[in-house]
Amino acid sequence: MNESKHPSDIAREALKRLAAGQLPPTPANYQACYNEIANLPNLPVFPDQQLRELLVELPARNEAQEAHLDRLSSAIARRSWQGVRESLAAFALAGETKSPEEVAACVATTLPGEFARKLTRFVESVLPALGEDNGRISCVVDELLGLLKQPLVDIAQVQSILGSLAHQAVFAAEEQVEIKNSLLKLLHLIIQNIGELSSDDSWLKGQIDGLLASVAPPLTLRHLDEMERRLRDVMEKQGRAKSRAVEAQEEMRQMLAEFIDRLGSMNRSSSEFEVRIEETARKIEKLDSLEGLKPLLNDVISATHAMAEETAQSREQLKHLQDKVLVTEAELMQLHQELDNASALARHDPLTDALNRKGLEEAMEREISSMRRQDSPLSVSMLDIDNFKRLNDRLGHEAGDRALVHLADVARRNMRPSDTLARYGGEEFVVLMPDTRLEQGIEAMTRLQRELTKAIYMAGSEKILITFSAGVAQLGAEETGTDAIRRADQAMYLAKRAGKNRVMGG
């Protein structure tokens with residue numbers, strides 16, 4: 001330092017130099033001027049505040065690091081760069097070795113043995129559903145299962161491998177969905193092709209319709225089981241009908257043969273009777289006295305009686321054959337009716353007895369044809385039970401199924417005979433309302449909402465209020481049924497967004 005000048009003099013001169021040089025009066029500029037006048041080295045300003053902030057942010061994981069942070073604080077107070085550098089280096093080295101507390105913490109984060117075993121069983125049970133031909137998933141699963149079998153399992157490693165497995169599983173699940181959809185499309189094509197090849201067989205057509213309905217989304221095991229039961233019933237009745245038809249055909253053939261034989265016998269008897277009458281007539285012409293006439297008359301009377309008796313027997317046999325034909329025909333008609341009824345079941349939802357998607361398509365075609373033939377309006381409503389998932393989660397799927405049946409029963413009681421109810425899928429229903437304009441359709445669905453709130457639904461001993469949101473669309477002149485249902489579905493979605501338990505037009 002320049003000893004000839006007092007620090008206060010140096011300070012005043014430094015301020016004057018700042019003003020003369022038109023330098024901003026910052027601490028750094030002032031320090032530079034002061035050092036220059038005092039002949040001191042111009043070192044950068046020591047960042048006390050920034051280093052204190054850094055000190056607060058540094059976490060200490062062990063006692064050694066806490067000691068080094070204390071030394072760092074002292075070095076900052078002394079404004080010693082050397083002390084700061086040494087303290088930070090020692091702090092970093094102390095963090096590379098684990099303290100006894102850290103080792104205990106790591107042991108505490110290992111998976112419990114029972115949990116590891118359950119996780120192992122879960123992964124092994126889920127793996128087949130993801131497909132066993134995916135090599136990447138197999139490698140990740142093998143690594144995870146090997147880790148879970150170790151005595152001590154590190155949670156961090158498990159989390160890392162599970163993350164990788166979840167990533168692979170997403171792609172595998174999407175692939176499985178695509179495979180299922182492709183198989184269903186192929187099955188649809190095969191079934192439709194069989195139906196087209198057998199379009200004249202109404203029994204087979206009913207089974208085809210049932211198969212198409214059973215493979216339509218949503219695909220559930222319960223739905224498939226129910227459809228299998230019904231189709232087996234149709235097949236069993238069809239087998240009995242065909243067997244009985246073969247028997248009836250043979251009976252008809254035998255009866256026809258007997259009828260032909262009887263006609264032949266009657267013809268022979270008639271011819272013999274005619275010959276005997278002609279012969280008797282010739283004998284009568286040659287008679288010379290009345291004594292010879294009596295035996296000839298007796299012979300004619302005897303032949304006539306025999307002819308009459310044989311005719312009566314033939315008539316009785318023919319009547320018996322006719323009765324057998326009528327009985328067989330009635331029996332076949334009853335079998336046909338049973339088959340028609342069984343095939344018709346394939347067009348209905350097994351749970352609610354409403355039409356299924358296939359039945360809805362057929363009903364829609366009929367109603368559209370009628371609408372355009374008579375130039376009358378047709379409205380379509382899509383309704384969806386409100387908060388159905390919450391009801392299922394809280395009370396169980398059986399209660400949810402009964403709620404669907406309850407809604408279908410209330411709807412049928414309050415619909416017109418000309419209206420059609422169909423289950424569209426899940427908790428969604430479609431109502432076809434012929435001779436109904438849009439405003440009338442909205443009023444009808446609003447009335448149904450009121451009636452549904454009056455009808456008590458009991459889940460055990462608990463009263464449950466069931467409501468639905470609905471959208472209504474009036475079919476356009478050139479619009480398809482699918483388009484109308486789509487518009488009704490959009491309106492129903494808006495009703496949901498607007499607060500549920502309401503009806504909107506689309």
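The values are calculated or read from the model by the stated rules, or taken from the named source; none is laboratory data. Everything quoted here is computed from the prediction, not taken from an experiment. No Cβ is skipped: glycine too gets one built from the backbone with ideal geometry, and neighbour counts run over all protein chains shown.
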* Whichever residue in the range 68-89 is in a helix (DSSP H, G or I) and in contact (Cβ under 8 Å) with a residue 24 or more places away in the chain and, among such residues, is surrounded by the fewest Cβ atoms within 10 Å (Cβ to Cβ) -> TRP81
* To do: Return yes or no: is GLU439 out of contact with any strand residue (DSSP E or B) (no Cβ under 6 Å at 6 or more places or on another chain), within 23 Å of MET364 (Cβ to Cβ) and surrounded by 14 or more Cβ atoms within 10 Å (Cβ to Cβ)?
  => no
* Asked: Which one of these is modelled with pLDDT under 90 and surrounded by fewer than 14 Cβ atoms within 10 Å (Cβ to Cβ): ASP393, ASP353?
  -> ASP393
* **Close pairs (6 angstrom Cβ cut-off, 6 or more residues apart or separate chains): assigned by TED's automatic domain parsing to the domain that holds GLN490 in the range 412-433, of a type in the set (S, T, N, Q) anywhere** => ARG423/THR352; VAL431/SER381; LEU432/THR420; MET433/SER379
* Structure fact -> Selection from the range 424-437 of residues modelled with pLDDT under 95 and in contact with a Gly (Cβ under 9 Å, 6 or more places away or on another chain) yields GLU427
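Looking only at the range 433-482, count how many residues are assigned to a helix (DSSP H, G or I) and farther than 15 Å from ASN414 by Cα.
Of the range 433-482, the ones assigned to a helix (DSSP H, G or I) are 438-454, 481-482.
Subset that is farther than 15 Å from ASN414 by Cα: 438-439, 481-482.
Result for the range 433-482: 4.
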* **Hits in the range 398-425 - residues which are aliphatic (A, V, I, L, M) and under 21 Å from PRO377 (Cβ atoms)** => ALA411, MET415, LEU421, ALA422
* Would you be able to tell me the number of residues in the range 485-506 that are basic (Lys, Arg) and assigned to a helix (DSSP H, G or I)? => 4
